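Scroll down for the structure; my scribbles are underneath it.
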Amino acid sequence: MKIIWTFTLMMIPGVVSSMSVRGYSGGGVTITCRYERNNKGLEKYFCKGQWSDCTYTIRTNKKHKWVNDGRFSLYDDKRSSAFTVTIRDLREEDSGTYYCAVERTGIDPHTEVNLKVLTDDCCVKSISLSASAGGSVNISCKYPQSHSRDVKFLCWRSGADLCAKETSVKESRRWRDEGKIQLYDDREQQLLTGSISHVTEEDSEYWCGVQSDQGHKIFITRVLIITGTDADHCMLCVMFLKKSQRFAADSV
């Protein structure tokens, strides 16, 4: 299933902090690592293995821009003195020890991340919905019973940012209305439902998820929305193809 955990770590020179993280096969994890302000201009990286022979998975000295390398993405936000690493489409073999670090003279400040990837088929990986442009669409996402008491959310994806905009609901069986998005959490049924109004082509992908009491964000179900404009375009393609086929047949 598509599940992504978000958490924050702090790198302090001379001190190695660590965090144990669970992910799920087919999902992903998002790790945010903070660093000291005087390290803003230095290269950031994420590597796998023991610290003495850690192998780079992704590295960059670019700021305020997502950098992608296979299933790994990194975004360095020097304004908040933090960089974010996302691992997508997790596999069990991704389990192991990782480090997020800053490249500098001497010992690189680093944080240990112990990742365990498990298999869990409790929830739907992805759903596809259709909506008319300017209309509305209803969503329905299951989540694991262990997260019944956690905050639920719906995130809009923009490029590599899986949560560019977020709407959350903190109470059971009470609607959260933010205009464009309405959410309702039924903790007894472990079901997050809601609606998205004034749908446009930009509303192509959302994520249903939960936020744990430790602050981790867990992205569970990918919601793909096909607008009426896209559907009309596909219909025109089909009509054009049929007309071309009839013209070719008449010319024989």
Considering only the stretch 111-138, state which residues are part of a strand (DSSP E or B) and small (G, A, S).
S126, S128, S130, A131
If we only count strands (runs of 3 or more DSSP E) wholly inside the stretch 147-217, which ones have 2 or more residues that are under 21 Å from A131 (Cβ atoms) and over 17 Å from the mean Cα position of the chain (by Cα)?
181-186, 191-196
Residue check, Y98 against (1) closer than 22 Å to W207 by Cα; (2) crowded, with 19+ Cβ neighbours inside 10 Å; (3) aromatic (F, W, Y), all met but one. Which one?
(1)
Sort out which residues of the stretch 23-53 are hydroxyl-bearing (S, T, Y) and within 17 Å of E103 (Cα to Cα), and write them in order of number.
T32, Y35, Y45, S52
Note on the stretch 130-164: residues open to solvent by 50 Å² or more (accessible area, probe 1.4 Å) and either more than 14 Å from C208 (Cβ to Cβ) or among the aromatic types (F, W, Y) (or both) are S130, S132, A133, G134, S136, Q145, S146, R149, S158, G159, D161
In the stretch 32-52, anything in contact (Cβ under 8 Å) with a residue 60 or more places away in the chain and under 18 Å from S17 (Cβ atoms) is listed as C33, Y35, E36, N39, W51
Selection from the stretch 191-205 of residues that are open to solvent by 30 Å² or more (accessible area, probe 1.4 Å) and in contact (Cβ under 8 Å) with a residue 12 or more places away in the chain
L191, T193, H198, T200, E201, S204
Kindly establish whether V210 is closer than 12 Å to D150 by Cα, touching a residue at least 24 places away in the same chain (Cβ under 8 Å) and among the hydrophobic types (A, V, I, L, M, F, W, C).
yes
Which of the residues belonging to the stretch 76-108 are in contact with a helix residue (DSSP H, G or I) (Cβ under 7 Å, 6 or more places away or on another chain) and at negative phi?
I87, Y99, V102, R104
Could you please give the count of residues in the stretch 59-69 that are in contact with a Lys or Arg (Cβ under 9 Å, 6 or more places away or on another chain) and either open to solvent by less than 90 Å² (accessible area, probe 1.4 Å) or within 15 Å of V113 (Cα to Cα) (or both)?
5
May I ask you to list the residues in the stretch 116-127 that are closer than 15 Å to C208 by Cβ and under 17 Å from the mean Cα position of the chain (by Cα)?
C123, V124, K125, S126, I127
Residues in the stretch 39-55 that are open to solvent by 50 Å² or more (accessible area, probe 1.4 Å) and of a type outside the set (K, R): how many?
7
Which residues, counting only those in the stretch 110-129, are of a type in the set (D, E) and either without any contact (Cβ under 8 Å) to a residue 40 or more places away in the chain or loosely packed, with under 13 Cβ neighbours inside 10 Å (or both)?
D121
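The values are calculated or read from the model by the stated rules, or taken from the named source; none is laboratory data. This structure is a prediction, so every number in the text was calculated from the model and none was measured. Positions of Cβ are backbone-derived with ideal geometry, glycine not excepted, and every protein chain shown enters the neighbour counts. Surface accessibility is based on the protein's heavy atoms, side chains included, excluding ligands, DNA and RNA. Shrake-Rupley method; radii C 1.70, N 1.55, O 1.52, S 1.80 Å.
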